[in-house]
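Here the structure is laid out as structure tokens; the discussion comes afterwards.
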């Protein structure tokens, strides 16, 4: 008879023992919360270092042995560590990170996350003035227009923006009222502050966020730089620092208001030249150019140029240069 | 001692002294090469006497040779130049250069240094030009900005008149390839379109489209590429590097503030500003990790050689670079004093070729580096006066 009772005992207790040995998420949850892995940054770029952290708000991981495996390779240094530092793979690859848990009751389970590194580039194109020959990029100034483009590249091509949904924010203010399908290009006015933050998030048509980035965008004041202009060769691309010499009989100078809103540059409310404090007609159709002639005796004179919008007074700049003749 | 012996000895000494005096009097010196007091009694142990002779007979051959390889080719500013492929092995090596302002084209024989005007057709306010290596066609930009216009000229072998065809497009960047074609980029809405112009037939084909406008293109010497594209550099905004080969775009693993780049089929060199200092790196086109270069390279001053895609020739300045590089250099606020260096992206080693200041006494702020098809000659301009220079690399 006794073996019948043994058989019944084994039959009843076998599922319990099996569950304890094999484990699943349900066995490690408490209050409906499962352990998860979070990444910092949330969407690592290709080749970018990131920190993976095992999050457990239920306390069920307490006392568990933690092991890490990245792309099917064990990470010995990660033994019993809640956070590990790793490097994302190349663009277009799929990188699986697994955290293995073994509780004090010898129950085991796995938590995993898949990292799909992708390039998300934000290209900022401020619509402010720089000379045509200048090979650098313009910078935003207060109220000037900025065009921004988000480009996603998976290692082989740019992703089709029409199959993605974009969300843009500047200083927490949503651009264009909300998310826009295919909206990888936006325009906005530069807000107040020296370093507004531009954030873009990209969501696929299934509603999953696939990439997100933020960048600090500078907002600068316009700067005035003088250049000498030659009748034959055009503009000398070396700037005049604080003084210029009138060697011959005539000297033509051009004032370049770097980072002035292009709308103000094209139609300035104020654009005036002063010689020794006296407003002077520059005698040219180009308001940013003046030609000086030697009057006779040698000496020095102070040349000043001022350009400004009267609607947005911060859209303006004034500076002077000493002319030796 | 007897008095006789003493007198004889004294007379003998006197006669000996008279003999020495007479020898010196009639021969001048004891030999042609040694000094007055050297009587040939054996080598001196004083090395300071010998060193000047060694210096006189064995000058440093390396320093002298490197200096002779560097030449200033023009005294007038130029806006474009190209070494013309010789038609035969005995043909002289000539360089065509386009004069700033007038657009006149001159031929310069590198051996005889004879200069000849091959085009007297005036292109007013010529600001940039490129020539095909066969010397038959030129693309010239006149004026800048909204007033800019572009013409494609065909040089004549029988006269100094050039036949011009206007290229009525809003071109923002252009170059010539070793295949005697022109590549250029035009604005199209909020994008740039790169095109290929075949001057022999006048046909135009689209190469690729760049999905933004404020782009700098570092053109490859072939139409196929790789052409390196990046947003125009500024130290205050982030940049990224794209490579277009046969119309296919790759995103290279390089990004940073103030980023500019130059590349080849194997690697790129890029510089960036990390908030404190300007640093340069090299990275293989398929690599994930960049490596800092042992000397700071400014990509606009570098050119990869045509025959070895891992070697670049660069102008390198050891003056302290200004804060917020590269903006002050672009704006013309600073002038750099460059030496010529060779950098190998594989061995990560750099080699000094020549210092123009040491060799010629002139400071050179190197721009527009170019090589001929065989990498024999490295051409560049001095930003200070836009003159054309040559370094005989091989």
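Considering only region A:238-252, state which residues are within 11 Å of chain B (Cβ to nearest Cβ) and surrounded by fewer than 18 Cβ atoms within 10 Å (Cβ to Cβ). So that I can check it myself, show each step before the final result.
Here is the first cut: in region A:238-252, the ones within 11 Å of chain B (Cβ to nearest Cβ) are A:238-241.
A:238, A:239, A:241 - these are the residues of region A:238-252 that are within 11 Å of chain B (Cβ to nearest Cβ) and surrounded by fewer than 18 Cβ atoms within 10 Å (Cβ to Cβ).
Of all residues being surrounded by fewer than 17 Cβ atoms within 10 Å (Cβ to Cβ) and in contact (Cβ under 8 Å) with a residue 24 or more places away in the chain in region B:135-155, which is nearest to the other protein chains (Cβ to nearest Cβ)? Just the residue, please.
B:154
Can you find a residue that is farther than 17 Å from residue A:222 by Cβ and either in contact with a helix residue (DSSP H, G or I) (Cβ under 6 Å, 6 or more places away or on another chain) or more than 14 Å from chain B (Cβ to nearest Cβ) (or both) anywhere in region A:139-147?
No: region A:139-147 contains no residue that is farther than 17 Å from residue A:222 by Cβ and either in contact with a helix residue (DSSP H, G or I) (Cβ under 6 Å, 6 or more places away or on another chain) or more than 14 Å from chain B (Cβ to nearest Cβ) (or both).
Only strands (runs of 3 or more DSSP E) wholly contained in region B:260-301 count here; list those with 2 or more residues that are within 14 Å of chain A (Cβ to nearest Cβ) and over 21 Å from the mean Cα position of the chain (by Cα). Show your work before the answer.
On the way: elements: B:260-263, B:267-273, B:278-284.
It comes to B:267-273, B:278-284.
Tell me, please, whether a residue that is surrounded by 20 or more Cβ atoms within 10 Å (Cβ to Cβ), in contact with a strand residue (DSSP E or B) (Cβ under 9 Å, 6 or more places away or on another chain) and within 30 Å of residue B:174 (Cβ to Cβ) can be found in region A:99-121.
Looking for residues that are surrounded by 20 or more Cβ atoms within 10 Å (Cβ to Cβ), in contact with a strand residue (DSSP E or B) (Cβ under 9 Å, 6 or more places away or on another chain) and within 30 Å of residue B:174 (Cβ to Cβ), one finds at least one in region A:99-121, hence yes.
Filter region B:223-238 for residues that are assigned to a strand (DSSP E or B) and more than 8 Å from chain A (Cβ to nearest Cβ); which is nearest to residue A:215 (Cα to Cα)?
To start, the set of residues in region B:223-238 that are assigned to a strand (DSSP E or B) comprises B:227-231, B:234, B:237-238.
Filter once more, keeping what is more than 8 Å from chain A (Cβ to nearest Cβ): B:227-230.
On the way: B:227: 27, B:228: 24, B:229: 21, B:230: 18 Å.
Across region B:223-238, the extreme among qualifying residues is B:230.
Hey, any hits in region B:341-350 for a residue that's within 15 Å of the chain's Cα centre (by Cα), over 27 Å from residue A:136 (Cα atoms) and surrounded by fewer than 16 Cβ atoms within 10 Å (Cβ to Cβ)?
No: zero hits.
Among residues belonging to region B:376-394 that are more than 14 Å from chain A (Cβ to nearest Cβ) and over 11 Å from the mean Cα position of the chain (by Cα), point out the one that is farthest from residue B:264 (Cα to Cα).
Residues of region B:376-394 more than 14 Å from chain A (Cβ to nearest Cβ): B:376-380, B:388-394.
Remaining after also requiring over 11 Å from the mean Cα position of the chain (by Cα): B:376, B:394.
Numbers: B:376: 18, B:394: 20 Å.
Ranking the candidates gives B:394 first.
Report yes if residue A:136 is in a loop (DSSP other than H, G, I, E, B) and surrounded by fewer than 21 Cβ atoms within 10 Å (Cβ to Cβ), otherwise no.
On the way: in a loop (DSSP other than H, G, I, E, B): yes; surrounded by fewer than 21 Cβ atoms within 10 Å (Cβ to Cβ): no.
It is false that residue A:136 is in a loop (DSSP other than H, G, I, E, B) and surrounded by fewer than 21 Cβ atoms within 10 Å (Cβ to Cβ).
Does residue B:249 satisfy being surrounded by fewer than 24 Cβ atoms within 10 Å (Cβ to Cβ), within 10 Å of chain A (Cβ to nearest Cβ), over 22 Å from the mean Cα position of the chain (by Cα) and more than 20 Å from residue B:233 (Cα to Cα)? Step through it out loud before you land on a result.
Details: surrounded by fewer than 24 Cβ atoms within 10 Å (Cβ to Cβ): yes; within 10 Å of chain A (Cβ to nearest Cβ): yes; over 22 Å from the mean Cα position of the chain (by Cα): yes; more than 20 Å from residue B:233 (Cα to Cα): no.
Judged against the criteria, residue B:249 is not a match.
Let me spell it out: the conditions are (1) assigned to a strand (DSSP E or B); (2) away from chain A (no Cβ under 14 Å); (3) surrounded by fewer than 21 Cβ atoms within 10 Å (Cβ to Cβ), and residue B:255 meets all of them except one. Which number is the exception?
Unmet condition: (2).
Does region B:108-121 include one or more residues that are surrounded by 13 or more Cβ atoms within 10 Å (Cβ to Cβ), over 14 Å from residue B:164 (Cβ atoms) and within 12 Å of chain A (Cβ to nearest Cβ)? Full working, then the answer.
Residues of region B:108-121 surrounded by 13 or more Cβ atoms within 10 Å (Cβ to Cβ): B:108-110, B:115, B:118-121.
From what is left, the residues that are over 14 Å from residue B:164 (Cβ atoms) are B:108-110, B:115, B:118.
This time we only want the ones that are within 12 Å of chain A (Cβ to nearest Cβ), so: none.
There is no residue in region B:108-121 that is surrounded by 13 or more Cβ atoms within 10 Å (Cβ to Cβ), over 14 Å from residue B:164 (Cβ atoms) and within 12 Å of chain A (Cβ to nearest Cβ).
Report yes if residue B:161 is in contact (Cβ under 8 Å) with a residue 24 or more places away in the chain, loosely packed, with under 14 Cβ neighbours inside 10 Å and touching a strand residue (DSSP E or B) at 6+ places or on another chain (Cβ under 9 Å), otherwise no. I'd like the intermediate steps shown before the answer.
Details: in contact (Cβ under 8 Å) with a residue 24 or more places away in the chain: yes; loosely packed, with under 14 Cβ neighbours inside 10 Å: yes; touching a strand residue (DSSP E or B) at 6+ places or on another chain (Cβ under 9 Å): yes.
Considered against the rule, which asks whether it is in contact (Cβ under 8 Å) with a residue 24 or more places away in the chain, loosely packed, with under 14 Cβ neighbours inside 10 Å and touching a strand residue (DSSP E or B) at 6+ places or on another chain (Cβ under 9 Å), residue B:161 comes out as yes.
If we scan region B:188-195, do we find a residue that is buried (at least 23 other Cβ atoms within 10 Å of the Cβ) and away from chain A (no Cβ under 14 Å)?
Yes, region B:188-195 contains a residue that is buried (at least 23 other Cβ atoms within 10 Å of the Cβ) and away from chain A (no Cβ under 14 Å).
Kindly provide the set of residues from region A:148-181 that are on the phi > 0 side of the Ramachandran plot and facing another protein chain (nearest Cβ under 9 Å), ordered by number. So that I can check it myself, show each step before the final result.
The initial filter retains those residues of region A:148-181 that are on the phi > 0 side of the Ramachandran plot, namely A:155, A:171-172, A:176-178.
The answer is A:155, and nothing else.
In region B:199-207, is there at least one residue being buried (at least 22 other Cβ atoms within 10 Å of the Cβ), on the phi < 0 side of the Ramachandran plot and away from every other protein chain (no Cβ under 13 Å)?
Here is the first cut: in region B:199-207, the residues buried (at least 22 other Cβ atoms within 10 Å of the Cβ) are none.
The answer is no, given that none of the residues of region B:199-207 is buried (at least 22 other Cβ atoms within 10 Å of the Cβ), on the phi < 0 side of the Ramachandran plot and away from every other protein chain (no Cβ under 13 Å).
Only the coordinates and a few stated rules stand behind these numbers; no lab work does. Not measured: the values here are computed from a predicted model. Here Cβ is always computed from backbone atoms with ideal geometry, including for glycine, and neighbour counts include all displayed protein chains.
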